[in-house]
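Shown next, in structure tokens, is the structure this report addresses.
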Amino acid sequence: MHIADGVLPAYLWISGNVFSGTLALWTLSKKTNAEDIPYISLVTAAVFVASLLHVPIGPVSAHFILNGLAGITLGILSFPAIVVALTLQAVLFQFGGFTTIGINAVIMGVPALAAWGIFRAGQKTHIKHKLGIFAALAGGIAIALGTLLFSLCLLMAGKGFQNVVPLAVISHLPIMVIEAVVCFFFAEYVGKVKPELLEISLGKEFYS
């Protein structure tokens, strides 16, 4: 779900960089805790590694993303974590491009924030296995929303990329299912053995 350099018109990738930089700074200003840095780094590393396992599809690629998992574990901090992961991928492996870091962060990071909202709202219900159920919904919807944003960017890039959109959508359907399942079992397991790992996302009031 990375878009490479040279694919998008200048106005689009510049806007993406400005928006992502502003949103990353805003999220960091809202919640920063030195004690959380090791855990945030671990999740960032997971996103970094997962996104490197990709299958090229023309100028784009399909790969595991874990933005839903980032959302349910890091909450609002999932966005700057994804920005860091994308920047490291571009610097260390030239993967995804430098000019498109911002727009790729929008494609992956905004769905992570949406996943956080879904997961957090779900915990206010009284549904059995609500941790796993809403984590799965969050994980699946994060991929679906990311694919939608990804497709819109390609369509805005010009007619030459219209044929890539259906292939990109189809290739991400199994990823959506797999990541939903991963999020389900992760949340269920963590909720039983170490629920404090979800405090960044859900807040201490959920475990008081």
In whole Hz, what ³J(HN,Hα) sequence does the range 170-179 give by Karplus (6.51, -1.76, 1.60; θ = phi - 60°), x for Gly and Pro?
4, 5, 8, 4, x, 5, 4, 5, 4, 5
Sorted by chain and number, the residues with a modelled amide H under 5 Å from that of HIS2, at a separation of 5 or more or across chains, are SER61
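Given only helices, namely DSSP H runs of n ≥ 4 each adding -39500 (n - 2.57), what is the per-residue ellipticity at 222 nm of the chain, to the nearest 500 deg cm²/dmol?
It comes out at -23500 deg cm²/dmol, rounded to the nearest 500.
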Phi angles of the range 13-25, converted by Karplus (6.51 cos²θ - 1.76 cosθ + 1.60, θ = phi - 60°) into ³J(HN,Hα) in whole Hz with x for Gly and Pro, give 6, 5, 4, x, 5, 5, 5, 5, x, 5, 5, 4, 5
Among the lysines, which fall within straight-line cross-link reach of LYS128, defined as a Cα-Cα distance under 22 Å, with same-chain neighbours fewer than 8 residues apart omitted?
LYS192, LYS194, LYS204
At a Förster radius of 30 Å, what calculated FRET efficiency corresponds to the Cβ-Cβ distance of LYS30 and LEU53, to the nearest 0.05?
0.45
Among all the aspartates and glutamates, which ones have a C-alpha under 20 Å from LYS124's C-alpha, if same-chain residues fewer than 8 places away are not counted?
GLU188, GLU196, GLU199, GLU205
Mind ranking 25-36, 144-155, 63-74 by how tightly packed they are, going by the mean number of other C-beta atoms within 10 angstrom, highest first?
63-74, 144-155, 25-36
Could you work out how far apart the two model spin labels at ALA10 and VAL91 are, taking each label as a point 7 Å from the Cα in the direction of the beta carbon, and quote it in nm?
2.6
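Rule-based calculations on the coordinates, nothing more; no lab input. Quick caveat, the model's predicted, so the values are computed rather than measured. Note that we place each Cβ from the backbone using ideal geometry, even for glycine, and neighbour counts take in every protein chain shown.
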